[in-house]
Amino acid sequence: MCIVYLIAFLFSLTSEQCSSKLMEDSSQSFMERMHTGKTSFIYFGNHVNPTIKLFMEQLEMSADALQDYGISVVKVNCSKDAIANYCTGEKLMTKAYLFRGSEVLRSFDIDTVFDVNAIVSHVLFSVLFNEVRYVHTPAELLRVESAAKQNSDIVVGHIPVLGLPEHRALMEAAFVYGTKYQFVQTSGTLVLKHMGVVDLSSSQARLWFLHCKGVSRRSDPCPSTPMRKPLNTINIHTFLQLMEAPLVTESVLDPSEVDVVHLHLGVPVLYLFSQPQTQHLDRATAQTLGLQLRGEVGLVLIHRDSPNVKTSLKYNAAYRLPQEDVKYFTLNSAEGVVKLFKEELLQEQKLENEEEDEEHWSDLDILDDEVSESVYRDRDLMLDLESVIELTSDTFQITVTQDDITVVLFYFKWDAVCMAFIQSYIEVADALEGMNGVKLAAVNCGEWTDICSDQNVTSFPTVLIYRPMAAAQLYRGMLGTKSLHRFILLSLGSSPYILSSSAEVMSFMEGDLYSKHMYLTPVRVLGLFSSTHDMGVTSFEEAARLLRGESILGLFAHKEAEQWVEGLSVNLPALLVSRGPGVPYEVYSLPSSSPTDLVSLIKQVELDRFPELTVENLPWYLELGKPLLLLFIGKEDSTESTKALAEIKQPLSSGQLDSFLPCWIHLGRTPVGRSILEKYLGFVPPLPVLVMSQLKTGEEVFLFPPERPLMAKNILQWIHDVENGQEQPAGLIPDGKWGPPVPFFDFLAIMDQEAPTYAVQRAPKMKTGGREDHRENKHVTPNQKQTPHPSSNPQAPRQHSEL
Amino acid sequence: MSVIQPLFRLLCVLSLVLAGSGSGSGSGSGSGSGRNASVSHEYCVLGAGPAGLQMGYFLSRSQRDYIILERNAGPGSFFQIYPRHRKLISINKIYTGRRNKEFNLRHDWNSLLSDRPSLLFQRISRELYPNADDFPRYLSTFVKELGLKVKYGADIGTIKASDFNGNQGYILTDQNGVSYQCSVLLVSTGLWVPQQVDFLGSDLVEGYESIPTDPEEFKDQAVLILGKGNSAFETAQSILGRASRIHLYSPSPVRLAWQTHYVGDLRAINNELLDTYQLKSLDGLVEGRLEDIAIVRREKDGLRRRMAKKRSQKSTEGKEQLYLTLTELLDQNGNNISKITGQNLPGFHTDNFSLRQPYDRVIRCLGFRFNFSIFDGSARPPQSSGARGRLPGITAWYEGRGTPNMFVLGTAAHSRDYRMSAGGFVHGFRYTVRAVHKILEQRYHNIAWPATKLPISQLQSWILRRVNEASGPYQMFGVLGDIILLRGSYCEYLEEFPLQALPQLSALSGRPLTDQGLLVLVMQYGLNRTDTLGPGRAESEWTKAWRSNFLHPVLYYYNTLPTEKDMRQRPVGWPLPRPEALHHMVEDFLTEWDQPISHSQPLRRFLEHCLQTDLRAFYAESCFLLSLTSRTPPLFCRQGYLRKQGIVGNSHLWQHAREAGLMADHQRDITPGDDTSVSEYLKHAGAAVVSTMNFDL
């Protein structure tokens, strides 16, 4: 209790302090600061935009927080005082630095230190670099343990995401208790598993106390106690206090008189009464119970022989919940009392919390679907369909046959996915406006349901491409601006392009011919046939037609075609693939097969062998079903990245990586890659970083050891080690089932509660047929004496039971 | 949805049928008029009313060997006479503000179904309540434009069951002795025999079918009408301005269609008499059993005769007045109703008896019954248990009970949903006829019930589509429902299946069942009816959707198909047995169930529960993340993104999603909490162990 008051008091204090602790340095004060040798966190900026403004607010808050740790927080206005090295270059504005004296301990992206919690946690983490051990694997943790045994206890924090309040809480605790305990931070899922956590999918932060100091033999493992409460400063503090408290307190007072630290920490206390004759046994029982309930319940052993103990003899135990009176009971077994606490008394408190959580989660009227919610937030916007022609039953047929290409979107107004896509669709329409031969149209299937049925549209949204005199073509690409735009532009060209001379072939392959498509895709695929009479030509043409808009295909059916495969390992007919000007061609033999098989063959040869994975192209590569050898490259194109790419390419060309899909993600172009790394490893290590994931065997993610240089030789060695099980996985891909995200709103249960008979099946033998008639007759059978009378009772029609 | 395939199969079957029947029936169809001639058809449709023609259209579309037999010279002859006062009370709403053809059928109660968009009733009449003459005209147009095969002037006198190669068939004989051999008989003869109740003096009563329609004929007359249905009120309304007094007598109180949602109950368009009754303008309603009454002429005693002689000759022009009395008051011995005295009249015993005054006319308006008389004992369906036995008893799939291969269509099939739904009316039975046709196709031609195969990720939008436009389940609420057979990653969507036949789903539809369960989509009115116009009649909170009073969609989820027993024991008033899970979509004032918070999301969550999977939509970027960091990404990503059809979105939308905390922000996976510093606390609370660490690391 007192703690809570204290906190409240402190909060009120801080909020009343209006003077900021954030300092601003001029070049002179900066120089002085460099000489003091003190630790400071400095941000250099020259102007303020909304993002920076937010950051400055957070920085100011962190100044107050970090002052307590002797760290000054400083900003430097570069437009006033240009400080060499820091006030220049691109990194200005986006970086903050941690100095000790004039030495830079670490630099941070302001994206990383985005708020006060992130600043405090990252700064303290850097400052405490040597105190707090960072472990990845169970093996590393065991090493720390054995070093600490008989020496000091260990506090292990599992922080899945850095920079959040939990991380800060752990760092602050480490700062305060760092000399007393060995602090360990981890983010790996394997450590979690090692600590006995079953549900690995939750991204909850956790903490354990390893009792290493008291182990009697160095070979014994350190017993551990998990902290069951959420990770925050108060809970950690309480928890550590509890760990310090004796396992069992002995007393000669009545339970209500005993004062133990637990009561002050808001923790229940269990009292056991001991008789002089069974003292040893009682003590042992108390010890066992104490171990089982450590961290959650305090244990007091009360000696009955004392005259101060007045409790009736019929009770042998008592407990006291925080802020409640002592309750007495009779204990039958030690298990019983553990059960009582774990399943009832503690559970109750927990349940309350959970219920609160649930209510919070299933606030039923909040949209929990990102697409629906984002579309819903636009509900006051009128959709501007100006550049898109809205078709009706009357105009549909005429419109779709007018232009070379009419693109038609079939949508529902009330479908969020459709309405999200229609924004992209309008963007494409705007981009293509004025272009000859292309028209973008849309059919609202909520209104023109007949068109949609006639066109066999059963999936929404659907995009169909209409050309005069041809069956509609289904657009099968990503439902996004870029993909659709590219598709339409490519569709305008013919497919395949018929080439008539070797010179044309050369120009086609090098991208000179049809160069306007170069920026859309550099890949060119050419079908080579010895003559137009070749059986495969029609198949190829049909395949090309199916791939219209997706690929740029050429057809060279000519006697000169032979020249293009001369000296290569394949005979005609063949596929020649160019990935851009100057890149050596690849050649594949072209078996005679159906157009659809050809389509998949062509799609396959088009795939890059060392692709950069993007949001738009990932599905094509995942389809290959190979484990990924995934290189993450930072935002800035550094030489390191270029080198890393080259190092992987090397074994690639020699075919040593054939069982893998080597690929890379550029975090600048695909920022979501950062979240992937965090999910894989629990943190973002310095880039570039190489991981292996999506293995057939399952869930492990392996990290190429950061200390080893990223070189072809090392990479191959590492792959070899992984395959032989010599590498420890660095993370796990959870096999989470995607069940319903919120609890079910059960109408039946509500009916049963509010109208108990309403939803219940009838008892057998009740007649259903003709029931109303019988009842009706009974109802109105006139009493012999009673004469018919006008139904002047206005209730009558309503009273009659309707069926 | 492949239309081509069933069409192809249909053509194959057709050619087989043609080949098979070529030799056998060649002689018959050509010269049907000869004496004792015999014609055989696969399907015989009896009656060219709306139901017969509707079935004719479907048979013709599937190119079956069929004939429609009609005894009159044109279609829809019932409507040449009825309603007697020539105003249809079926809504012909032309302007709905919508161009959705399916949706507009919800408000077009007269058109038959066809693939011709122009063949709608609005072509014939623009009136909201059209003239009855327009309906036969419309039916003629329907026959002509679709080229339906109708044989007029064939008055079938007898129908006998007969064995055709081990299957029960039917032989129909017309007035000329021509017999029609029918493998399948479709009875759409409607209800046209006036319903009568036997009581003393019923011969003194005129029938609705023959009363004059000129109001002048009722000038200053007191009229007693037996019945309180639409025909009774229609008759009363037409003479309201001429008759002196109109009383309506029948067992049950008036049921107002706007209260009961049953279009067969009294429609507001006919209810002017309620006004004059409640405003005490000499008209009135009385309840009592019809079997207990007698209509009598007063035996005039001497005194009275002398007194009244001069006047009565003038005023009643020779017509004797009629009294309503009770059988129990009549002479027990002889039932001689010619000797009626004052003591035989209730007014003698109860001086303020409501109907004590005599009437000039008594009119029977008790509706119609099915004509059972043409059926030979071998082919006669039983009388329905409901609807006072006026209708044939039929199975849930509209086959006569005990008469295999004979189906009953149209109004005559109303026993299935009598006083519940719209199966007795054109706007309802056009859909049941379509359902029966699908059953015929499966049973006799092995063509399974049409189904749309949908990926599960599309199911929600498909349900919303049906809920927002489908006319069949909307009109035939509680009777026809859409069935969704769950098949793992995809499902099969069957439209407008007769719900009561659900236990026979597999056999009737030809769609096999799996253990994945099924969903049924039904439109229902609320079951707890309160004051129809009173406060609190409308529910707008989706969490209380089950208390909706107005028509609204309800979804039932079953693990396994309900059995006949489950069906019999279903909760009182429910169309279906208690399911594993149930979802009501809250009623909507505009009948537009498309709002994200009140309609879509609760529906999605219900489906998620039934399918035990997350059905949320994700942008491509989220799917990218989930595809790489989870072994099985959510369904939407699997069925969209991973099939290269991800929904990309744009930065504007992502911004919204991120602000809502739904989409990961790659720099900060979770939005930072608003926790402010508590380090001061540490400094004090943990003072004893404050770090002595220096920073010279």
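For the stretch A:414-524, which fully contained helices (runs of 4 or more DSSP H) count at least 3 residues that are modelled with pLDDT of 90 or more and within 34 Å of the chain's Cα centre (by Cα)?
Working: elements: A:416-432, A:449-454, A:481-492, A:502-509.
Because the criterion is at least 3 residues that are modelled with pLDDT of 90 or more and within 34 Å of the chain's Cα centre (by Cα), the helices (runs of 4 or more DSSP H) in the stretch A:414-524 that meet it are A:416-432, A:481-492.
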query: Which numbered condition trips up A:Gly698, out of (1) of a type outside the set (Phe, Trp, Tyr); (2) on the phi > 0 side of the Ramachandran plot; (3) away from every other protein chain (no Cβ under 12 Å)?
result: (3)
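Which count do you get for residues in the stretch A:46-96 that are of a type outside the set (A, V, I, L, M, F, W, C), part of a loop (DSSP other than H, G, I, E, B) and away from every other protein chain (no Cβ under 14 Å)?
Kept after step one, since they are of a type outside the set (A, V, I, L, M, F, W, C), are these residues of the stretch A:46-96: A:46-47, A:49-51, A:53, A:57-58, A:60, A:62, A:64, A:67-70, A:72, A:75, A:77, A:79-81, A:85-86, A:88-91, A:94-95.
Among the residues that remain, those that are also part of a loop (DSSP other than H, G, I, E, B) are: A:46-47, A:49, A:68-70, A:79-81, A:85-86, A:88-91, A:94.
The next check asks that each one be away from every other protein chain (no Cβ under 14 Å); those that pass are A:46-47, A:49, A:79-81, A:85-86, A:88-91.
Residues in the stretch A:46-96 being of a type outside the set (A, V, I, L, M, F, W, C), part of a loop (DSSP other than H, G, I, E, B) and away from every other protein chain (no Cβ under 14 Å): 12 in total.
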message: Please determine whether any residue of the stretch B:506-524 is modelled with pLDDT under 95, within 14 Å of chain A (Cβ to nearest Cβ) and closer than 24 Å to B:Arg106 by Cβ.
response: yes
task: Considering each of A:Pro595, A:Pro619 in turn, give the residue that is touching a Lys or Arg at 6+ places or on another chain (Cβ under 9 Å) and within 13 Å of another protein chain (Cβ to nearest Cβ).
output: A:Pro619
message: Just to be sure I understand, how many residues within the stretch B:389-424 are under 21 Å from B:Lys160 (Cβ atoms), outside any loop (DSSP other than H, G, I, E, B) and within 14 Å of chain A (Cβ to nearest Cβ)?
response: 2
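Would you be able to say whether some residue in the stretch A:406-413 is surrounded by fewer than 16 Cβ atoms within 10 Å (Cβ to Cβ), at pLDDT 90 or above, more than 7 Å from chain B (Cβ to nearest Cβ) and not in a strand (DSSP E or B)?
Here is the first cut: in the stretch A:406-413, the ones surrounded by fewer than 16 Cβ atoms within 10 Å (Cβ to Cβ) are A:413.
Filter once more, so that each one left must be at pLDDT 90 or above: A:413.
Narrowing further to those that are more than 7 Å from chain B (Cβ to nearest Cβ): A:413.
From what's left, not in a strand (DSSP E or B): A:413.
Yes: one or more hits.
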message: Quick check on my filter: what residues within the stretch A:656-700 are outside any helix (DSSP H, G or I) and among the small types (Gly, Ala, Ser)?
response: A:Ser659, A:Gly668, A:Gly682, A:Ser693, A:Gly698
- request: Check whether at least one residue in the stretch A:554-575 is charged (D, E, K, R) and under 30 Å from A:Tyr680 (Cβ atoms), and report yes or no.
  value: no
- prompt: Being at pLDDT below 80, more than 7 Å from chain B (Cβ to nearest Cβ) and touching a Leu at 6+ places or on another chain (Cβ under 8 Å), is that true of even one residue in the stretch A:727-739?
  reply: no
- prompt: Can you tell me which residue in the stretch B:585-604 is nearest to B:Met523 (Cα to Cα), limited to those that are free of Cβ contacts under 8 Å to residues at least 60 places away in the same chain and crowded, with 23+ Cβ neighbours inside 10 Å?
  reply: B:Val586
query: Pairs, please: C-beta under 7 Å, at least 6 apart or cross-chain, first residue under 18 Å from B:Glu492 (Cβ atoms) and more than 7 Å from chain B (Cβ to nearest Cβ) and in the stretch A:456-467, second in a strand (DSSP E or B) and not β-branched (Val, Ile, Thr)?
result: A:Val457/A:Phe410
- prompt: Which of (1) within 19 Å of B:Ile483 (Cβ to Cβ); (2) more than 7 Å from chain A (Cβ to nearest Cβ); (3) part of a loop (DSSP other than H, G, I, E, B) is the odd one out, the single condition B:Cys610 does not satisfy?
  reply: (3)
field: Residue list for the stretch A:253-265, filter: under 24 Å from A:Asn235 (Cα atoms) and either hydroxyl-bearing (Ser, Thr, Tyr) or surrounded by 15 or more Cβ atoms within 10 Å (Cβ to Cβ) (or both)
entry: A:Val258, A:Val260, A:Val261, A:His262, A:Leu263, A:Leu265
statement: Of the residues in the stretch B:114-148, those that are surrounded by 17 or more Cβ atoms within 10 Å (Cβ to Cβ) and part of a loop (DSSP other than H, G, I, E, B) come to B:Ser114, B:Leu119, B:Leu120, B:Ile124, B:Ser125, B:Pro130, B:Ala132, B:Leu148
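Working only within the stretch B:545-570, note down all residues that are of a type in the set (D, E, K, R), outside any loop (DSSP other than H, G, I, E, B) and under 24 Å from B:Gln475 (Cα atoms).
Residues of the stretch B:545-570 that are of a type in the set (D, E, K, R), as a first pass: B:547, B:564-566, B:568, B:570.
Filter again for outside any loop (DSSP other than H, G, I, E, B), leaving B:547, B:564-566, B:568.
B:Arg547, B:Arg568 - these are the residues of the stretch B:545-570 that are of a type in the set (D, E, K, R), outside any loop (DSSP other than H, G, I, E, B) and under 24 Å from B:Gln475 (Cα atoms).
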query: Checking B:Thr395 against (1) under 20 Å from the mean Cα position of the chain (by Cα); (2) β-branched (Val, Ile, Thr); (3) buried (at least 22 other Cβ atoms within 10 Å of the Cβ), which test does it fail?
result: (3)
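Does A:Leu568 meet the test of being away from chain B (no Cβ under 14 Å) and assigned to a loop (DSSP other than H, G, I, E, B)? Reasoning before the result, please.
Details: away from chain B (no Cβ under 14 Å): yes; assigned to a loop (DSSP other than H, G, I, E, B): yes.
For A:Leu568, the condition - away from chain B (no Cβ under 14 Å) and assigned to a loop (DSSP other than H, G, I, E, B) - is met.
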- line: A:Pro138: passes all of (1) within 16 Å of A:Gly731 (Cα to Cα); (2) at pLDDT 80 or above; (3) surrounded by 22 or more Cβ atoms within 10 Å (Cβ to Cβ) but (3)
- request: Can you give me the number of residues within the stretch B:443-469 that are part of a loop (DSSP other than H, G, I, E, B) and out of contact with any strand residue (DSSP E or B) (no Cβ under 7 Å at 6 or more places or on another chain)?
  value: 4
task: Kindly list, by first and then second residue, each pair from a residue in the stretch B:372-388 that is on the phi > 0 side of the Ramachandran plot and at the interface with chain A (Cβ under 8 Å from one of its Cβ atoms) to a residue that is surrounded by 14 or more Cβ atoms within 10 Å (Cβ to Cβ) and among the small types (Gly, Ala, Ser), limited to pairs with Cβ atoms under 6 Å and residues at least 6 apart or on different chains.
output: B:Ala387/B:Ser415
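Looking at the stretch A:208-215, is at least one residue among the aliphatic types (A, V, I, L, M) and within 27 Å of the chain's Cα centre (by Cα)?
no
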query: Among (1) in contact with a Lys or Arg (Cβ under 9 Å, 6 or more places away or on another chain); (2) under 26 Å from B:Ser421 (Cβ atoms); (3) within 14 Å of another protein chain (Cβ to nearest Cβ), which single condition is B:Trp449 missing?
result: (3)
- prompt: Considering only residues of the stretch B:548-582 that are touching a helix residue (DSSP H, G or I) at 6+ places or on another chain (Cβ under 9 Å) and basic (Lys, Arg), which is farthest from the other protein chains (Cβ to nearest Cβ)?
  reply: B:Lys565
- request: Only residues that are facing chain B (nearest Cβ under 7 Å), in a helix (DSSP H, G or I) and farther than 23 Å from A:Leu367 by Cβ: list them for the stretch A:740-764, please.
  value: A:Leu748, A:Met751
task: Among residues belonging to the stretch A:165-183 that are outside any helix (DSSP H, G or I) and within 7 Å of chain B (Cβ to nearest Cβ), point out the one that is surrounded by the fewest Cβ atoms within 10 Å (Cβ to Cβ).
output: A:Thr179
statement: Exactly one of B:Tyr490, B:Tyr556 is under 22 Å from B:Arg605 (Cβ atoms), modelled with pLDDT of 95 or more and not basic (Lys, Arg), and that one is B:Tyr556
field: Selected residue (criterion: nearest to A:Gly434 (Cα to Cα)) from residues of the stretch A:370-384 that are exposed (fewer than 15 other Cβ atoms within 10 Å of the Cβ) and among the hydrophobic types (A, V, I, L, M, F, W, C)
entry: A:Leu383
Every pair of residues 6+ apart whose Cβ atoms lie under 9 Å, when the first sits in the stretch B:131-149 and is farther than 16 Å from B:Pro83 by Cβ while the second is among the charged types (D, E, K, R) and crowded, with 20+ Cβ neighbours inside 10 Å: none
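The values are calculated or read from the model by the stated rules, or taken from the named source; none is laboratory data. Predicted model, so just to flag it, every value in this text is computed and none were measured. No Cβ is skipped: glycine too gets one built from the backbone with ideal geometry, and neighbour counts run over all protein chains shown.
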